[in-house]
Amino acid sequence: IEGKSILILRNHGLLSVAKTVGEAFVFLYRIETACRHQIDAMTGGAELQQISEVTQQKSIEMGLSMYGPGGFIEAGMEWPMLLRQLERAGLDDYMR
């Protein structure tokens, strides 16, 4: 998956590679959330509207600025935030 961080394996799930376990988890967390939203939208029964090429390109650019080189993941911001959410919810078993 040269130059990429996520691989979707048909009928097998997701694969993520990154510099750290935290980065790999964040990639998986984000793609799993996006997939869940897609499935929820598709099961709603309404006809889905295709977004324009311009909107698609802008979304890609915004995603790369946040999650690409120099973004949240590389800066190590999102993984600690997710751990703090677990701790606030009382789900800090991972620390043991």
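The numbers here are math on the coordinates, done by the rules we state, and not lab data. Here the structure is a predicted model, which means the values were calculated and not measured. Ideal geometry is used to build each Cβ from the backbone, glycine not excepted, and the neighbour counts take in all protein chains shown.
A few comments on the model shown:
- What the phi angles of the range 8-16 give under the Karplus curve with 6.51, -1.76 and 1.60, with θ = phi - 60°, is a coupling list of 9, 9, 3, 6, 10, x, 10, 10, 10 Hz, glycine and proline written as x.
- Rounded tilt (10° steps) of 53-67 against the dominant C-alpha axis of the chain: 10 degrees
- For the chain: Kirkwood Rh in Å [reciprocal of mean 1/r, alpha carbons]: 15.6 Å
- Nearest 10 degrees, 0 to 90: helix 78-88 Cα axis against the chain principal axis: 70 degrees
- The residues packed around G90, meaning those with a beta-carbon under 15 Å from its beta-carbon, carry a net charge of 0 if Lys and Arg are +1 and Asp and Glu are -1.
- When shorter helices are ignored and each DSSP H run of at least 4 residues is given -39500 (n - 2.57), the per-residue value for the chain at 222 nm works out to -17500 deg cm²/dmol.
- Between 0 and 90°, nearest 10: helix 21-43 axis offset from the chain longest Cα axis: 40 degrees
- Counting 0.36 nm for each residue step from I8 to I39 and taking away their Cα separation leaves a gain of 9.7 nm.
- Förster radius 22 Å - calculated FRET efficiency between R88 and V21 (Cβ-Cβ, nearest 0.05): 0.55
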